[in-house]
Amino acid sequence: MAFTFVSLVSLVVAQRAIGVQAPDWKAVGAEATQLLQQYVSIDTSNPPGDTRKTADFLASVFEREGIPVTRYESAPGKAIIYARLKATMTPAAGKAILLLHHMDVVPADRSQWKVDPFAATIVGGEMRARGALDMKGLGVAHLMAFLMLKRQHVPLARDVILLAEPDEEVGGAMGARWMIANHYAELDPEFVLDEGGFGSPDLFTAGKLVYGISVAEKKLLWLKVRATGVAGHGSQPNDQNPNDRLVRALARLLAEPLPGPSASSVASGLMSTMHERVGAFAINKFTNAIQHSTIAVTTIRSGVGDPPKANVIPSVAEATLDCRVLPGTTRDQWLADIRRGLGDPGLEIDVISESDDPIVSPQDTPLYRSLEAAIHRRHPDAVITPILVPYGTDSNAFRPRGVTSYGIFPAPVSADEVASMHGDAEHVRLDAIPEAAQVFFEAIRETATRQSSRAAARD
(Lines give C-alpha, C1' and ligand atoms only; values in the text may rest on other atoms or scores of the structure.)
Protein backbone atom coordinates (compact mmCIF):
# COMPACT_ATOMS: atom_id res chain seq x y z
CA MET A 1 0.00 0.00 0.00
CA ALA A 2 2.90 2.41 0.71
CA PHE A 3 4.20 2.10 -2.82
CA THR A 4 0.74 2.70 -4.27
CA PHE A 5 0.36 5.86 -2.19
CA VAL A 6 3.75 7.17 -3.31
CA SER A 7 2.88 6.41 -6.93
CA LEU A 8 -0.39 8.30 -6.71
CA VAL A 9 1.22 11.30 -4.99
CA SER A 10 3.94 11.43 -7.65
CA LEU A 11 1.32 11.24 -10.36
CA VAL A 12 -0.73 14.08 -8.87
CA VAL A 13 2.41 16.26 -8.58
CA ALA A 14 3.36 15.50 -12.19
CA GLN A 15 -0.13 16.33 -13.45
CA ARG A 16 -0.23 19.62 -11.58
CA ALA A 17 3.17 20.53 -12.98
CA ILE A 18 1.85 20.32 -16.54
CA GLY A 19 -1.49 21.90 -15.74
CA VAL A 20 -3.66 18.81 -16.06
CA GLN A 21 -7.17 19.08 -14.62
CA ALA A 22 -9.00 16.10 -13.18
CA PRO A 23 -11.41 14.53 -15.69
CA ASP A 24 -15.00 15.78 -15.61
CA TRP A 25 -16.66 12.40 -15.17
CA LYS A 26 -20.16 13.83 -15.45
CA ALA A 27 -19.27 15.12 -18.92
CA VAL A 28 -17.64 11.77 -19.68
CA GLY A 29 -20.93 10.07 -18.79
CA ALA A 30 -22.91 12.26 -21.18
CA GLU A 31 -20.40 11.62 -23.95
CA ALA A 32 -20.41 7.88 -23.23
CA THR A 33 -24.21 7.77 -23.54
CA GLN A 34 -24.08 9.48 -26.94
CA LEU A 35 -21.37 7.14 -28.18
CA LEU A 36 -23.21 4.05 -26.93
CA GLN A 37 -26.41 5.20 -28.65
CA GLN A 38 -24.56 5.46 -31.94
CA TYR A 39 -22.68 2.21 -31.41
CA VAL A 40 -25.62 -0.08 -30.58
CA SER A 41 -27.68 1.44 -33.41
CA ILE A 42 -25.36 -0.26 -35.91
CA ASP A 43 -26.58 -3.81 -36.42
CA THR A 44 -23.57 -6.14 -36.25
CA SER A 45 -25.53 -9.35 -35.66
CA ASN A 46 -23.40 -12.42 -36.26
CA PRO A 47 -24.10 -14.03 -38.64
CA PRO A 48 -23.16 -12.26 -40.82
CA GLY A 49 -21.21 -10.10 -38.35
CA ASP A 50 -20.42 -7.23 -40.72
CA THR A 51 -18.36 -4.73 -38.71
CA ARG A 52 -17.42 -2.24 -41.42
CA LYS A 53 -19.83 0.45 -40.19
CA THR A 54 -18.79 0.10 -36.55
CA ALA A 55 -15.17 0.28 -37.67
CA ASP A 56 -16.00 3.51 -39.54
CA PHE A 57 -17.67 4.86 -36.40
CA LEU A 58 -14.74 4.09 -34.10
CA ALA A 59 -12.16 5.29 -36.63
CA SER A 60 -13.95 8.63 -36.86
CA VAL A 61 -13.77 9.02 -33.06
CA PHE A 62 -10.02 8.41 -33.03
CA GLU A 63 -9.42 10.68 -36.00
CA ARG A 64 -11.25 13.55 -34.28
CA GLU A 65 -8.96 13.05 -31.28
CA GLY A 66 -5.81 13.03 -33.39
CA ILE A 67 -5.07 9.41 -32.53
CA PRO A 68 -3.57 7.36 -35.39
CA VAL A 69 -5.78 4.42 -36.28
CA THR A 70 -5.07 1.32 -38.36
CA ARG A 71 -7.79 -0.71 -40.03
CA TYR A 72 -7.46 -4.37 -40.99
CA GLU A 73 -9.89 -6.59 -42.87
CA SER A 74 -9.58 -10.27 -42.04
CA ALA A 75 -12.32 -11.29 -44.51
CA PRO A 76 -15.01 -9.47 -46.54
CA GLY A 77 -17.06 -7.45 -44.07
CA LYS A 78 -14.78 -8.32 -41.13
CA ALA A 79 -13.15 -5.01 -40.20
CA ILE A 80 -10.78 -4.56 -37.25
CA ILE A 81 -9.77 -1.27 -35.60
CA TYR A 82 -6.40 -0.77 -33.90
CA ALA A 83 -5.29 2.40 -32.07
CA ARG A 84 -2.20 2.90 -29.92
CA LEU A 85 -1.03 5.48 -27.40
CA LYS A 86 2.76 5.42 -27.32
CA ALA A 87 4.79 5.51 -24.13
CA THR A 88 6.31 8.92 -23.42
CA MET A 89 8.45 8.03 -20.39
CA THR A 90 11.70 6.12 -20.03
CA PRO A 91 12.72 3.61 -18.94
CA ALA A 92 9.85 1.45 -20.10
CA ALA A 93 7.67 -0.24 -17.49
CA GLY A 94 6.97 -3.23 -19.69
CA LYS A 95 4.97 -4.25 -22.72
CA ALA A 96 1.61 -2.80 -23.68
CA ILE A 97 -1.77 -2.93 -21.97
CA LEU A 98 -4.40 -4.00 -24.51
CA LEU A 99 -8.04 -2.91 -24.18
CA LEU A 100 -9.94 -5.55 -26.15
CA HIS A 101 -13.59 -5.67 -27.16
CA HIS A 102 -15.66 -7.24 -29.91
CA MET A 103 -17.95 -5.31 -32.23
CA ASP A 104 -20.21 -8.20 -33.24
CA VAL A 105 -23.34 -9.17 -31.32
CA VAL A 106 -25.63 -12.19 -31.27
CA PRO A 107 -28.82 -11.98 -33.35
CA ALA A 108 -31.99 -10.53 -31.82
CA ASP A 109 -35.47 -11.98 -32.33
CA ARG A 110 -37.37 -8.73 -32.91
CA SER A 111 -40.71 -10.45 -32.34
CA GLN A 112 -39.72 -11.14 -28.71
CA TRP A 113 -38.33 -7.70 -27.88
CA LYS A 114 -40.60 -5.00 -26.42
CA VAL A 115 -38.44 -2.35 -28.12
CA ASP A 116 -36.47 -2.31 -31.36
CA PRO A 117 -33.18 -4.00 -30.34
CA PHE A 118 -31.20 -1.60 -32.54
CA ALA A 119 -33.03 1.65 -31.70
CA ALA A 120 -30.84 2.53 -28.67
CA THR A 121 -33.90 2.93 -26.43
CA ILE A 122 -33.31 4.63 -23.07
CA VAL A 123 -35.84 3.79 -20.35
CA GLY A 124 -35.44 4.73 -16.70
CA GLY A 125 -31.72 5.42 -16.99
CA GLU A 126 -31.05 2.14 -18.82
CA MET A 127 -29.98 1.45 -22.37
CA ARG A 128 -32.09 -1.36 -23.83
CA ALA A 129 -30.47 -2.72 -26.98
CA ARG A 130 -28.66 -5.71 -28.37
CA GLY A 131 -25.01 -5.26 -27.41
CA ALA A 132 -25.73 -2.78 -24.60
CA LEU A 133 -23.86 -5.05 -22.17
CA ASP A 134 -22.28 -7.65 -24.47
CA MET A 135 -20.13 -5.93 -25.42
CA LYS A 136 -20.57 -2.45 -26.83
CA GLY A 137 -21.25 -0.93 -23.41
CA LEU A 138 -17.96 -2.23 -22.09
CA GLY A 139 -16.33 -1.20 -25.37
CA VAL A 140 -17.44 2.39 -24.79
CA ALA A 141 -16.03 2.25 -21.23
CA HIS A 142 -12.70 1.13 -22.74
CA LEU A 143 -12.95 3.86 -25.35
CA MET A 144 -13.60 6.64 -22.82
CA ALA A 145 -10.71 5.51 -20.59
CA PHE A 146 -8.44 5.43 -23.65
CA LEU A 147 -9.54 8.92 -24.76
CA MET A 148 -9.07 10.34 -21.26
CA LEU A 149 -5.49 9.05 -21.16
CA LYS A 150 -4.90 11.04 -24.37
CA ARG A 151 -6.83 14.15 -23.35
CA GLN A 152 -5.24 14.28 -19.90
CA HIS A 153 -1.75 13.93 -21.39
CA VAL A 154 -1.05 11.13 -18.94
CA PRO A 155 2.68 10.31 -19.04
CA LEU A 156 2.96 6.66 -20.04
CA ALA A 157 5.85 4.33 -19.38
CA ARG A 158 4.21 1.61 -21.49
CA ASP A 159 2.01 1.68 -24.59
CA VAL A 160 -1.76 1.36 -24.36
CA ILE A 161 -3.64 -0.26 -27.25
CA LEU A 162 -7.35 -0.36 -28.05
CA LEU A 163 -8.41 -3.20 -30.34
CA ALA A 164 -11.99 -3.60 -31.59
CA GLU A 165 -12.57 -6.78 -33.55
CA PRO A 166 -15.28 -8.98 -35.11
CA ASP A 167 -16.36 -12.58 -34.78
CA GLU A 168 -16.01 -13.17 -31.03
CA GLU A 169 -19.58 -14.48 -30.95
CA VAL A 170 -18.64 -17.27 -33.35
CA GLY A 171 -15.24 -18.20 -31.96
CA GLY A 172 -12.99 -15.30 -33.00
CA ALA A 173 -11.36 -16.93 -36.03
CA MET A 174 -11.63 -13.73 -38.10
CA GLY A 175 -11.15 -11.42 -35.13
CA ALA A 176 -8.73 -11.78 -32.22
CA ARG A 177 -7.32 -15.09 -33.44
CA TRP A 178 -6.71 -13.64 -36.91
CA MET A 179 -4.86 -10.66 -35.40
CA ILE A 180 -2.76 -13.00 -33.26
CA ALA A 181 -1.91 -15.17 -36.26
CA ASN A 182 -1.18 -12.31 -38.68
CA HIS A 183 -0.25 -9.19 -36.69
CA TYR A 184 0.93 -10.31 -33.28
CA ALA A 185 4.03 -8.11 -33.48
CA GLU A 186 1.75 -5.05 -33.49
CA LEU A 187 0.09 -6.30 -30.30
CA ASP A 188 2.49 -8.34 -28.13
CA PRO A 189 0.88 -7.10 -24.89
CA GLU A 190 1.79 -7.88 -21.32
CA PHE A 191 -1.83 -7.45 -20.21
CA VAL A 192 -5.27 -7.74 -21.80
CA LEU A 193 -8.41 -6.17 -20.34
CA ASP A 194 -11.46 -7.92 -21.76
CA GLU A 195 -15.01 -8.93 -20.87
CA GLY A 196 -15.85 -11.66 -18.37
CA GLY A 197 -16.43 -10.67 -14.77
CA PHE A 198 -18.68 -8.07 -13.15
CA GLY A 199 -19.24 -6.06 -10.05
CA SER A 200 -22.65 -6.92 -8.63
CA PRO A 201 -24.63 -6.51 -5.40
CA ASP A 202 -26.66 -9.70 -5.93
CA LEU A 203 -25.16 -11.92 -8.65
CA PHE A 204 -22.56 -13.66 -6.46
CA THR A 205 -24.25 -13.43 -3.08
CA ALA A 206 -27.15 -11.49 -1.61
CA GLY A 207 -26.50 -8.20 0.15
CA LYS A 208 -22.78 -8.01 -0.61
CA LEU A 209 -21.13 -6.03 -3.40
CA VAL A 210 -18.72 -8.44 -5.08
CA TYR A 211 -16.38 -7.73 -7.96
CA GLY A 212 -15.37 -10.88 -9.79
CA ILE A 213 -12.32 -10.36 -12.01
CA SER A 214 -12.10 -13.26 -14.42
CA VAL A 215 -8.67 -14.86 -14.59
CA ALA A 216 -9.71 -18.05 -16.40
CA GLU A 217 -12.58 -19.60 -18.30
CA LYS A 218 -13.88 -23.07 -18.87
CA LYS A 219 -12.90 -25.29 -21.76
CA LEU A 220 -15.51 -25.42 -24.49
CA LEU A 221 -16.37 -28.78 -26.04
CA TRP A 222 -19.30 -28.97 -28.46
CA LEU A 223 -20.32 -32.55 -29.13
CA LYS A 224 -22.65 -34.27 -31.57
CA VAL A 225 -24.26 -37.49 -30.33
CA ARG A 226 -25.70 -39.71 -33.07
CA ALA A 227 -28.03 -42.68 -32.66
CA THR A 228 -28.87 -45.02 -35.55
CA GLY A 229 -31.70 -47.52 -35.77
CA VAL A 230 -34.33 -49.01 -38.02
CA ALA A 231 -36.82 -46.86 -39.92
CA GLY A 232 -40.44 -47.88 -40.19
CA HIS A 233 -44.10 -46.95 -39.98
CA GLY A 234 -45.10 -44.99 -36.91
CA SER A 235 -48.09 -47.25 -36.37
CA GLN A 236 -45.77 -50.17 -35.65
CA PRO A 237 -43.19 -49.23 -33.00
CA ASN A 238 -39.97 -51.21 -32.86
CA ASP A 239 -37.19 -51.52 -30.30
CA GLN A 240 -34.65 -50.06 -32.76
CA ASN A 241 -36.15 -46.54 -32.86
CA PRO A 242 -33.12 -44.14 -32.72
CA ASN A 243 -35.25 -41.44 -31.08
CA ASP A 244 -36.02 -43.72 -28.12
CA ARG A 245 -32.38 -44.69 -27.86
CA LEU A 246 -31.13 -41.10 -27.93
CA VAL A 247 -33.73 -39.77 -25.47
CA ARG A 248 -33.02 -42.51 -22.94
CA ALA A 249 -29.26 -41.93 -23.20
CA LEU A 250 -29.63 -38.17 -22.72
CA ALA A 251 -31.89 -38.71 -19.73
CA ARG A 252 -29.25 -40.94 -18.10
CA LEU A 253 -26.53 -38.37 -18.77
CA LEU A 254 -28.47 -35.39 -17.45
CA ALA A 255 -29.57 -37.24 -14.32
CA GLU A 256 -25.99 -37.42 -13.09
CA PRO A 257 -24.70 -34.70 -10.71
CA LEU A 258 -22.67 -31.96 -12.35
CA PRO A 259 -18.98 -32.54 -11.64
CA GLY A 260 -17.09 -29.97 -9.57
CA PRO A 261 -13.33 -29.40 -9.62
CA SER A 262 -11.01 -32.25 -8.72
CA ALA A 263 -9.08 -31.66 -5.51
CA SER A 264 -5.73 -31.40 -7.30
CA SER A 265 -6.82 -29.13 -10.17
CA VAL A 266 -6.05 -25.43 -10.63
CA ALA A 267 -9.81 -24.85 -10.55
CA SER A 268 -9.94 -26.19 -7.01
CA GLY A 269 -7.54 -23.53 -5.72
CA LEU A 270 -9.43 -20.79 -7.54
CA MET A 271 -12.74 -22.01 -6.10
CA SER A 272 -11.26 -22.01 -2.60
CA THR A 273 -10.17 -18.39 -3.01
CA MET A 274 -13.61 -17.40 -4.31
CA HIS A 275 -15.41 -19.04 -1.37
CA GLU A 276 -12.97 -17.63 1.19
CA ARG A 277 -13.62 -14.10 -0.04
CA VAL A 278 -17.30 -14.27 -0.96
CA GLY A 279 -18.73 -16.85 1.43
CA ALA A 280 -21.83 -18.78 0.36
CA PHE A 281 -22.79 -18.12 -3.24
CA ALA A 282 -26.27 -17.11 -4.31
CA ILE A 283 -28.17 -19.85 -6.11
CA ASN A 284 -28.51 -18.92 -9.78
CA LYS A 285 -27.42 -20.19 -13.16
CA PHE A 286 -24.25 -18.06 -13.20
CA THR A 287 -22.88 -19.20 -9.84
CA ASN A 288 -23.82 -22.79 -10.65
CA ALA A 289 -21.90 -22.60 -13.91
CA ILE A 290 -18.72 -21.16 -12.38
CA GLN A 291 -18.53 -23.97 -9.82
CA HIS A 292 -19.24 -27.01 -12.01
CA SER A 293 -18.58 -28.45 -15.42
CA THR A 294 -21.87 -28.21 -17.32
CA ILE A 295 -23.77 -29.88 -20.14
CA ALA A 296 -26.57 -28.24 -22.11
CA VAL A 297 -28.58 -30.06 -24.80
CA THR A 298 -28.84 -27.37 -27.48
CA THR A 299 -30.31 -29.16 -30.52
CA ILE A 300 -32.18 -32.40 -31.20
CA ARG A 301 -32.69 -33.38 -34.84
CA SER A 302 -34.47 -36.34 -36.38
CA GLY A 303 -37.36 -37.20 -38.67
CA VAL A 304 -37.95 -37.84 -42.36
CA GLY A 305 -39.13 -35.15 -44.76
CA ASP A 306 -39.44 -31.36 -44.47
CA PRO A 307 -41.41 -30.84 -42.34
CA PRO A 308 -40.73 -34.25 -40.79
CA LYS A 309 -43.52 -36.78 -41.21
CA ALA A 310 -45.33 -37.62 -37.98
CA ASN A 311 -45.94 -41.23 -39.01
CA VAL A 312 -42.40 -42.20 -39.99
CA ILE A 313 -39.81 -43.62 -37.58
CA PRO A 314 -36.42 -42.28 -38.77
CA SER A 315 -33.19 -44.24 -38.98
CA VAL A 316 -31.02 -41.46 -37.44
CA ALA A 317 -31.40 -39.07 -34.49
CA GLU A 318 -28.82 -36.50 -33.40
CA ALA A 319 -28.30 -34.12 -30.51
CA THR A 320 -25.68 -31.46 -29.85
CA LEU A 321 -24.24 -30.87 -26.38
CA ASP A 322 -22.65 -27.60 -25.31
CA CYS A 323 -20.15 -28.70 -22.65
CA ARG A 324 -18.17 -26.21 -20.54
CA VAL A 325 -15.46 -27.99 -18.62
CA LEU A 326 -13.55 -26.79 -15.55
CA PRO A 327 -9.78 -26.30 -15.87
CA GLY A 328 -7.88 -29.45 -15.01
CA THR A 329 -10.16 -31.85 -16.92
CA THR A 330 -8.75 -32.99 -20.26
CA ARG A 331 -10.73 -33.62 -23.44
CA ASP A 332 -10.16 -37.38 -23.16
CA GLN A 333 -11.29 -37.46 -19.52
CA TRP A 334 -14.44 -35.53 -20.35
CA LEU A 335 -15.33 -37.68 -23.37
CA ALA A 336 -14.90 -40.80 -21.25
CA ASP A 337 -17.28 -39.31 -18.66
CA ILE A 338 -19.82 -38.47 -21.39
CA ARG A 339 -19.71 -42.00 -22.83
CA ARG A 340 -20.15 -43.50 -19.39
CA GLY A 341 -23.04 -41.14 -18.59
CA LEU A 342 -24.88 -41.88 -21.84
CA GLY A 343 -24.64 -45.59 -21.06
CA ASP A 344 -24.90 -46.74 -24.67
CA PRO A 345 -21.61 -47.77 -26.32
CA GLY A 346 -23.29 -47.88 -29.72
CA LEU A 347 -23.82 -44.10 -29.89
CA GLU A 348 -21.41 -42.07 -32.03
CA ILE A 349 -19.82 -39.01 -30.38
CA ASP A 350 -18.03 -36.38 -32.48
CA VAL A 351 -16.25 -33.25 -31.28
CA ILE A 352 -17.53 -30.41 -33.49
CA SER A 353 -15.73 -27.55 -31.72
CA GLU A 354 -13.09 -27.28 -29.02
CA SER A 355 -11.36 -24.35 -27.33
CA ASP A 356 -7.83 -24.21 -26.00
CA ASP A 357 -7.16 -25.76 -22.61
CA PRO A 358 -7.79 -23.07 -19.97
CA ILE A 359 -4.89 -21.18 -18.42
CA VAL A 360 -5.28 -19.23 -15.18
CA SER A 361 -3.82 -15.70 -15.20
CA PRO A 362 -1.89 -14.70 -12.07
CA GLN A 363 -3.34 -12.13 -9.68
CA ASP A 364 -0.03 -10.91 -8.23
CA THR A 365 0.51 -8.24 -10.89
CA PRO A 366 0.59 -4.42 -10.95
CA LEU A 367 -2.54 -4.23 -13.11
CA TYR A 368 -4.61 -6.53 -10.90
CA ARG A 369 -3.59 -4.56 -7.81
CA SER A 370 -4.39 -1.29 -9.60
CA LEU A 371 -7.85 -2.58 -10.53
CA GLU A 372 -8.43 -3.53 -6.89
CA ALA A 373 -7.29 -0.10 -5.69
CA ALA A 374 -9.45 1.77 -8.23
CA ILE A 375 -12.54 -0.25 -7.28
CA HIS A 376 -11.94 0.19 -3.55
CA ARG A 377 -11.61 3.95 -3.92
CA ARG A 378 -15.22 3.95 -5.08
CA HIS A 379 -16.52 1.05 -2.98
CA PRO A 380 -14.33 0.52 0.12
CA ASP A 381 -16.46 -2.37 1.38
CA ALA A 382 -16.57 -4.27 -1.88
CA VAL A 383 -15.26 -7.84 -1.98
CA ILE A 384 -12.88 -8.37 -4.90
CA THR A 385 -12.02 -11.88 -5.99
CA PRO A 386 -10.54 -13.67 -8.99
CA ILE A 387 -13.15 -15.83 -10.66
CA LEU A 388 -13.61 -18.39 -13.39
CA VAL A 389 -16.23 -17.45 -16.00
CA PRO A 390 -18.51 -20.04 -17.60
CA TYR A 391 -18.39 -18.70 -21.16
CA GLY A 392 -15.64 -18.19 -23.70
CA THR A 393 -13.95 -14.86 -24.43
CA ASP A 394 -11.14 -13.71 -26.69
CA SER A 395 -8.83 -13.75 -23.67
CA ASN A 396 -8.55 -17.49 -24.15
CA ALA A 397 -6.66 -16.80 -27.39
CA PHE A 398 -4.11 -14.61 -25.58
CA ARG A 399 -3.44 -16.62 -22.41
CA PRO A 400 -1.65 -19.49 -24.26
CA ARG A 401 0.77 -16.81 -25.52
CA GLY A 402 1.72 -15.99 -21.94
CA VAL A 403 -0.41 -12.85 -21.84
CA THR A 404 -1.98 -12.04 -18.47
CA SER A 405 -5.65 -11.42 -19.21
CA TYR A 406 -8.39 -10.05 -16.97
CA GLY A 407 -12.09 -9.77 -17.73
CA ILE A 408 -14.14 -7.23 -15.80
CA PHE A 409 -17.01 -4.78 -16.16
CA PRO A 410 -15.84 -2.70 -13.17
CA ALA A 411 -19.11 -1.13 -12.08
CA PRO A 412 -22.06 -2.60 -10.18
CA VAL A 413 -24.60 -4.37 -12.38
CA SER A 414 -27.50 -6.47 -11.18
CA ALA A 415 -28.00 -10.18 -11.65
CA ASP A 416 -30.94 -9.21 -13.87
CA GLU A 417 -28.65 -7.18 -16.14
CA VAL A 418 -26.12 -10.02 -16.37
CA ALA A 419 -28.90 -12.51 -17.19
CA SER A 420 -30.13 -10.24 -20.01
CA MET A 421 -27.05 -10.90 -22.16
CA HIS A 422 -28.03 -12.81 -25.33
CA GLY A 423 -31.66 -12.48 -24.20
CA ASP A 424 -34.71 -10.59 -25.44
CA ALA A 425 -34.30 -7.59 -23.12
CA GLU A 426 -30.57 -6.88 -22.94
CA HIS A 427 -29.94 -3.75 -20.91
CA VAL A 428 -27.38 -1.85 -18.86
CA ARG A 429 -27.54 1.12 -16.52
CA LEU A 430 -26.11 4.15 -18.25
CA ASP A 431 -24.34 5.42 -15.14
CA ALA A 432 -22.37 2.17 -15.00
CA ILE A 433 -20.49 3.05 -18.21
CA PRO A 434 -18.64 6.16 -16.94
CA GLU A 435 -17.97 4.44 -13.60
CA ALA A 436 -16.36 1.54 -15.45
CA ALA A 437 -14.42 4.01 -17.60
CA GLN A 438 -13.10 5.78 -14.49
CA VAL A 439 -11.92 2.52 -12.93
CA PHE A 440 -10.13 1.55 -16.15
CA PHE A 441 -8.60 5.02 -16.46
CA GLU A 442 -7.26 5.00 -12.91
CA ALA A 443 -5.99 1.42 -13.07
CA ILE A 444 -4.22 1.92 -16.39
CA ARG A 445 -2.84 5.29 -15.32
CA GLU A 446 -1.37 3.80 -12.16
CA THR A 447 0.05 0.74 -13.92
CA ALA A 448 1.39 2.59 -16.95
CA THR A 449 3.06 5.41 -15.00
CA ARG A 450 4.59 3.27 -12.26
CA GLN A 451 8.01 2.97 -13.89
CA SER A 452 8.34 6.76 -14.21
CA SER A 453 7.81 7.03 -10.43
CA ARG A 454 10.56 4.49 -9.79
CA ALA A 455 12.91 6.31 -12.13
CA ALA A 456 12.18 9.59 -10.33
CA ALA A 457 12.93 7.93 -6.99
CA ARG A 458 16.31 6.75 -8.29
CA ASP A 459 17.14 10.22 -9.54
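The values are calculated or read from the model by the stated rules, or taken from the named source; none is laboratory data. Here the structure is a predicted model, which means the values were calculated and not measured. For neighbour counting, all protein chains shown are included, and Cβ atoms are generated from backbone atoms with ideal geometry for every residue, glycine included.
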Exercise. Might you check whether a residue that is within 20 Å of ALA267 (Cα to Cα), in contact with a helix residue (DSSP H, G or I) (Cβ under 8 Å, 6 or more places away or on another chain), surrounded by 14 or more Cβ atoms within 10 Å (Cβ to Cβ) and touching a residue at least 24 places away in the same chain (Cβ under 8 Å) occurs anywhere in the range 364-380?
Key: no
Quiz prompt | Test: residue in the range 89-104 that is assigned to a loop (DSSP other than H, G, I, E, B), in contact with a Pro (Cβ under 7 Å, 6 or more places away or on another chain) and modelled with pLDDT under 95 | solution = yes
Quiz item: Which one is nearest to ALA267 (Cα to Cα), of the residues in the range 381-409 that are within 14 Å of the chain's Cα centre (by Cα) and charged (D, E, K, R)?
Solution: ARG399
Exercise. Could you give me the residue pairs with C-beta distances under 6 Å whose first residue belongs to the range 98-122 and is without any contact (Cβ under 8 Å) to a residue 24 or more places away in the chain, whose second residue is surrounded by 18 or more Cβ atoms within 10 Å (Cβ to Cβ) wherever it lies, and which are 6+ apart or on separate chains?
Key: VAL115/THR121; VAL115/ARG128; THR121/ARG128
Quiz item: If the Cβ limit is 9 Å and pairs must be 6+ apart or interchain, which residue in the range 17-34 that is under 17 Å from ARG445 (Cβ atoms) and modelled with pLDDT under 95 pairs with which residue that is surrounded by fewer than 19 Cβ atoms within 10 Å (Cβ to Cβ) and small (Gly, Ala, Ser)?
Solution: VAL20/ALA14
Self-check item: Verdict on PHE281 being part of a helix (DSSP H, G or I), outside the structural domain of PRO237 (by TED's automatic domain parsing) and either under 23 Å from the mean Cα position of the chain (by Cα) or not hydroxyl-bearing (Ser, Thr, Tyr) (or both)
Solution: no
Quiz item: Would the range 223-241 turn up any residue that is closer than 18 Å to TYR391 by Cα and either without any contact (Cβ under 8 Å) to a residue 24 or more places away in the chain or touching a strand residue (DSSP E or B) at 6+ places or on another chain (Cβ under 6 Å) (or both)?
Solution: yes
Quiz item: What about ILE161, is it part of a strand (DSSP E or B) and surrounded by fewer than 24 Cβ atoms within 10 Å (Cβ to Cβ)?
Solution: yes
Quiz item: Would you say VAL351 is in contact (Cβ under 8 Å) with a residue 60 or more places away in the chain and either closer than 26 Å to ASN396 by Cβ or in the same structural domain as ALA419 (by TED's automatic domain parsing) (or both)?
Solution: yes
Practice problem: Determine whether ALA267 is within 20 Å of SER405 (Cα to Cα) and either among the charged types (D, E, K, R) or in contact with a Leu (Cβ under 7 Å, 6 or more places away or on another chain) (or both). | Solution: yes
Exercise. Go through the residues of the range 215-227 one by one and say whether even a single one is acidic (Asp, Glu) and closer than 30 Å to ARG339 by Cα.
Key: yes
Practice problem: Could you check PHE409 against (1) at pLDDT 95 or above; (2) of a type outside the set (Gly, Ala, Ser); (3) surrounded by fewer than 23 Cβ atoms within 10 Å (Cβ to Cβ) and say which number it fails? | Solution: (3)
Self-check item: Residues of the range 78-100 classified as under 23 Å from TYR406 (Cβ atoms) and either within 25 Å of the chain's Cα centre (by Cα) or of a type in the set (Asp, Glu) (or both), total
Solution: 13
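Each row is one residue, and each column tells you yes or no for (1) assigned to a helix (DSSP H, G or I); (2) under 18 Å from ILE42 (Cβ atoms); (3) in the same structural domain as LEU36 (by TED's automatic domain parsing).
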{"residue": "PRO107", "(1), (2), (3)": "no, yes, yes"}
{"residue": "SER111", "(1), (2), (3)": "yes, no, yes"}
{"residue": "VAL115", "(1), (2), (3)": "no, yes, yes"}
{"residue": "PHE118", "(1), (2), (3)": "no, yes, yes"}
{"residue": "MET127", "(1), (2), (3)": "no, yes, yes"}
{"residue": "ARG130", "(1), (2), (3)": "no, yes, yes"}
{"residue": "ASP134", "(1), (2), (3)": "no, yes, yes"}
{"residue": "LEU138", "(1), (2), (3)": "yes, yes, yes"}
{"residue": "ALA145", "(1), (2), (3)": "yes, no, yes"}
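Conditions (1) farther than 28 Å from GLU168 by Cβ; (2) surrounded by 14 or more Cβ atoms within 10 Å (Cβ to Cβ); (3) in contact with a helix residue (DSSP H, G or I) (Cβ under 9 Å, 6 or more places away or on another chain); (4) not assigned by TED's automatic domain parsing to the domain that holds ARG177, marked per residue:
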residue: VAL316; (1), (2), (3), (4): yes, yes, yes, yes
residue: ALA319; (1), (2), (3), (4): no, yes, yes, yes
residue: CYS323; (1), (2), (3), (4): no, yes, yes, yes
residue: LEU326; (1), (2), (3), (4): no, yes, yes, yes
residue: TRP334; (1), (2), (3), (4): no, yes, no, yes
residue: ASP337; (1), (2), (3), (4): yes, yes, no, yes
residue: PRO345; (1), (2), (3), (4): yes, no, yes, yes
Quiz item: So which residues in the range 296-314 are buried (at least 17 other Cβ atoms within 10 Å of the Cβ) and in contact with a helix residue (DSSP H, G or I) (Cβ under 7 Å, 6 or more places away or on another chain)?
Solution: SER302, PRO314
Quiz prompt | Hits in the range 365-408 (condition: among the hydrophobic types (A, V, I, L, M, F, W, C) and within 14 Å of GLU442 (Cα to Cα)) | solution = LEU367, LEU371, ALA373, ALA374, ILE375
Practice problem: State all residues of the range 217-269 that are surrounded by 12 or more Cβ atoms within 10 Å (Cβ to Cβ), at pLDDT 95 or above and part of a helix (DSSP H, G or I); if no residue qualifies, say none. | Solution: PRO242, ASN243, ASP244, ARG245, LEU246, VAL247, ARG248, ALA249, LEU250, ARG252, LEU253, LEU254
